[in-house]
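> Before I ask anything, let me first share the structure, which is written out below as structure tokens.
The values are calculated or read from the model by the stated rules, or taken from the named source; none is laboratory data. Everything numeric here is computed off the predicted structure, so don't read it as measured data. Glycine also receives a Cβ, built like all others from the backbone with ideal geometry; neighbour counts cover every protein chain displayed.
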Amino acid sequence: MYVKLLGTGSPKPNKDRSGPAQVVTVDETPVLVDCGEGTTRQLLESNINPVDIKHILFTHLHSDHVFGYGHFLLGGWSLGRKELTIAGPAGLKAFHEKILDMFKEDIDYRVSTLGISEKGLLDVNIIELPDSGGEVTLPDVNVDITSAPVVHNVKTFGFRFQKGEESIVISGDTAPVDSIVQLAKDADILIQDAAIASSVANNKNSDPNILKIWDILKKEHCTPQQAGEIAQEAGVKRLVLTHLLPNTDEEEAYQEASKHFDGEVIVGEDLKTIAIERVR
Ligand SMILES: [Zn+2]
Ligand SMILES: [Zn+2]
């Protein structure tokens, strides 16, 4: 198993960071987690054919994590995708159907006039996960996936992929909470929300509006320091900081996390692949 970061950004548009998305590859099968703005292009940049993505997990339905879904859904279908399973919180089905509804005329034209099969678009398998989390079963993927509720301002899940000895955990957007520590217990890789970097608050170029809501954001996201503390408590091997806002000082974020975590800290970058290394 390995994970590729497709987008390490946030709701704030950023030319260096695409919207939140990552792809976990299990035995050649890629499973997409979240589908932020630019995801389909980032897949192409990564030499992953969007047609080969047959599974998507959504941590939550905030715009930054789903903006790329319309493009993926219709674009991947137009490239020839024939099957798709998506899983995420309650509301996922309604969200998916709204997109189909918005583009109904376009879809009808492609099906009736261009003769494209409806398969892979109108028969998407949708799994709404129970609020309490638990096992997630995706068809044809040979890996154990567990979801756990985390603390954000809408229903949000963290996900753990476990295959034999190997494990990769994705926190979703979350404030510090015991459920993410438990989910990430002894994981090889933890990809962790670390949005609330003090360097953003201290940068005079930062959006003054974001500073006004800083105290609210602290209840919904983690600082790099908190990301380090979670990784330390969980005993993970490698911590990857993601969901980074514009003006994040990467070196400072690295230092803040490293001060509280004995393992390896990686500041997330778009298109970076992170492999599991059993020996450090
Ligand atoms: Zn987000
Ligand atoms: Zn969010």
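> Applying the selection to region 152-173, what residues are of a type in the set (Gly, Ala, Ser) and either away from ligand 2 (no atom under 16 Å from the Cβ) or at negative phi (or both)?
Selection gives GLY158, GLY164, SER167, SER171.
> Sort out which residues of region 14-29 are out of contact with any helix residue (DSSP H, G or I) (no Cβ under 6 Å at 6 or more places or on another chain), of a type outside the set (Ser, Thr, Tyr) and touching a residue at least 24 places away in the same chain (Cβ under 8 Å), and write them in order of number.
Scanning region 14-29 gives ASN14, ASP16, ARG17, GLN22, VAL23, VAL24, VAL26, ASP27.
> With the requirement that a residue be within 15 Å of ligand 2 (Cβ to nearest atom), part of a helix (DSSP H, G or I) and not hydroxyl-bearing (Ser, Thr, Tyr), what does region 41-75 give you?
ASP64, HIS65, VAL66
> Taking the stated definitions as given, is ASP123 within 16 Å of ligand 2 (Cβ to nearest atom), modelled with pLDDT of 95 or more, touching a Leu at 6+ places or on another chain (Cβ under 9 Å) and of a type in the set (D, E, K, R)?
Spelling it out, it is not the case that ASP123 is within 16 Å of ligand 2 (Cβ to nearest atom), modelled with pLDDT of 95 or more, touching a Leu at 6+ places or on another chain (Cβ under 9 Å) and of a type in the set (D, E, K, R).
> I've got another one for you. Given the criterion away from ligand 2 (no atom under 16 Å from the Cβ), loosely packed, with under 15 Cβ neighbours inside 10 Å and not hydroxyl-bearing (Ser, Thr, Tyr), identify the matching residue among LYS4, LYS93.
Among LYS4, LYS93, only LYS93 is away from ligand 2 (no atom under 16 Å from the Cβ), loosely packed, with under 15 Cβ neighbours inside 10 Å and not hydroxyl-bearing (Ser, Thr, Tyr).
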